[in-house]
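Novice: The structure that follows is given in the form of structure tokens.
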Amino acid sequence: MHSFAGTTALITGSSKGIGQAYAHQLASRGADLVLVARSAEALEMLAAQLRETHQTRVVVLPVDLFDRAAPQAIANTLAEHGIEIDLLINNAGMGAVGPFLPRPLTPNVDSVDLNITALIGLVHSIGAGMLERGRGGIINVASVAAFQPMPFQASYGATKAFVLSFTEAIAEELRGTDIRVMAVHPGPVETSFFDTTTATLNPKAVSPERIAAKSLDDFAHGRAISFPGGRSDRAIAFISRLISRNRMARLSGNVNRRAGHDHVRDIASPTTG
């Protein structure tokens, strides 16, 4: 188990599920914590437990990440208290479940605000400080849903596809620096994600503790991508990417052939006037 002693980690969505598991894992590995979620009561309870068990420093920031001003407000609060973040974990997320068109739009828009807008806002506001200091780390929690279209979770899958693309792009921009960026792609996880829906949890779901522990180990080993749920998740992602690339290649070929035909037709039928 890799030590994170001497680092300060900020975790969003840390009041439950994977975020809470990250908090326990990092505290047990020696890190100081900044916990971000909407529920002040849940955060304070978790912070008290972590302080007592691990004697770690824990700062609680009850923040509504649906507010687009939240990422900069968090950065400002940290600066006011002289707290530098060494590791940012963007874990907060949500998703609408069910057919897209017959159901209300709001949950889908909310998932874009939380899964995308808040995430890139925090990467920008917290990452800027890392860039100035020349060191740091960012973990963005995506999903195996990022690798293929997700009927009946259409907006959720699309937001996670954004997180995948965005994270890989930022990782490439920061190649050669001491700022490391990693995307985490869990498969089914034993959380409350489906509690308010009629959907059932996949029997192959793994614990949030496993996701947190294995992804932190992957980050410590310098990996840019983590599949902490197991080999089947990695296989799903690989196959989905292969199918997607083949589909794009076919579409590109069709476009090129159509463009060629249009060019020939234009030459053969010159306009007059």
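The values are calculated or read from the model by the stated rules, or taken from the named source; none is laboratory data. The shown structure was predicted, so the numbers you read here are calculated from the model rather than taken from an experiment. Here the Cβ is made from the backbone with ideal geometry for all residues, glycine too, and neighbour counts use every protein chain on show. Calculation scope for accessible area: heavy atoms of the full protein, side chains included, ligands and nucleic acids excluded. Shrake-Rupley method; radii C 1.70, N 1.55, O 1.52, S 1.80 Å.
Novice: With unit charges on the beta carbon (Lys/Arg positive, Asp/Glu negative), name the residue among 85, 144, 125 whose Cα is farthest towards the positive pole of the charge dipole of the range 45-196.
Specialist: Of 85, 144, 125, it is 144.
Novice: OK, next. Quick one: if the Förster radius is 41 Å, what FRET efficiency do residue 55 and residue 223 give, using the C-beta to C-beta distance and rounding to 0.05?
Specialist: The pair residue 55/residue 223 has a calculated efficiency of 0.85.
Novice: For the range 1-23 and the range 50-72, what is the centre-to-centre distance using only Cα atoms, to the nearest Å?
Specialist: 11
Novice: Read phi for every residue in the range 150-155 and hand back ³J(HN,Hα) as whole Hz from Karplus 6.51 cos²θ - 1.76 cosθ + 1.60, θ = phi - 60°, with x for Gly and Pro.
Specialist: 10, x, 6, 9, 4, 6
Novice: Full-extension gain between residue 67 and residue 148, please, as 0.36 nm times their residue separation minus the C-alpha to C-alpha distance.
Specialist: Extending this stretch completely gives an extra 26.3 nm.
Novice: Ok, one more. Between residue 77 and residue 48, what FRET efficiency comes out of the Förster formula 1/(1 + (r/R0)^6) with R0 = 25 Å and r the beta carbon distance, rounded to 0.05?
Specialist: 0.75
Novice: Follow-up. Over the range 1-106, with every protein chain in place, what whole percent of the accessible area is carbon and sulfur at 1.4 Å, could you tell me?
Specialist: 52
Novice: If you roll a 1.4 Å probe over the heavy atoms of the protein chains, what accessible area per residue do you get for the range 59-125, in Å²?
Specialist: In whole numbers, the range 59-125 has 48 Å² accessible per residue.
Novice: Another question, then. If you take every residue apart from residue 127 with its C-beta less than 11 Å away from the C-beta of residue 127, what net charge results, scoring Lys and Arg +1 and Asp and Glu -1?
Specialist: -1
Novice: Count neighbours as other Cβ atoms within 10 Å of each site's Cβ, and list the trypsin sites (Lys or Arg not before Pro) in the range 92-187 that are DSSP loop with at most 11 such neighbours.
Specialist: Those satisfying the criteria are 175.
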